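Enquirer: Sharing a structure here in structure tokens format.
The values are calculated or read from the model by the stated rules, or taken from the named source; none is laboratory data. All values reported here derive from a predicted model rather than from experimental measurement. A quick note on method: Cβ atoms are made from the backbone with ideal geometry, for glycine too, and the neighbour counts reach across all protein chains shown.
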């Protein structure tokens with residue numbers, strides 16, 4: 001068993017850490033948004049570093065994705081920085097999140113498996 005402790009509903013194999021720069025917004029709005037984000041099932045941690053306007057989140061990408069977190073931020077009027085580097089990171093994060101979500105629901109296939117009914121004895 002792993003020594004890492006995560007919140008309920010978070011599988012370590014699907015755990016991702018994301019850091020995004022936010023636009024300057026009032027601290028009250030950010031605190032309210034963080035409380036709402038913290039309630040999401042599959043979220044492991046959410047931290048806001050006010051000195052650099054950085055939001056750090058860790059979540060199970062098979063249950064939560066960056067789009068959902070952005071929606072919660074927008075509900076409270078908190079916006080992600082629109083700089084080119086933040087935009088590139090954001091698109092990359094969304095791509096990886098979708099890939100993890102797709103792989104979590106995929107059933108592996110093998111060409112080495114016997115076809116159905118092949119184990120029956122012939123008469």
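Enquirer: So in the stretch 1-17, with the set limited to residues that are exposed (fewer than 10 other Cβ atoms within 10 Å of the Cβ) and modelled with pLDDT under 70, which one is nearest to the chain's Cα centre (by Cα)?
Expert: 8
Enquirer: Continuing with this model, one more query. Could you please find all residues in the stretch 62-81 being within 28 Å of residue 103 (Cβ to Cβ) and either touching a strand residue (DSSP E or B) at 6+ places or on another chain (Cβ under 8 Å) or not in a helix (DSSP H, G or I) (or both)?
Expert: 62, 63, 64, 65, 66, 69, 70, 73, 80
Enquirer: Scanning for something within 13 Å of the chain's Cα centre (by Cα) and at pLDDT below 90, does the stretch 26-35 turn up at least one residue?
Expert: no
Enquirer: Do the conditions hold for residue 59, that is, is it under 27 Å from residue 105 (Cα atoms), part of a helix (DSSP H, G or I), touching a residue at least 40 places away in the same chain (Cβ under 8 Å) and in contact with a strand residue (DSSP E or B) (Cβ under 8 Å, 6 or more places away or on another chain)?
Expert: No.
Enquirer: Scan 68, 73, 22 and give me the residue that is within 18 Å of residue 10 (Cβ to Cβ) and either surrounded by 13 or more Cβ atoms within 10 Å (Cβ to Cβ) or modelled with pLDDT of 90 or more (or both).
Expert: Residue meeting the stated conditions: 68.
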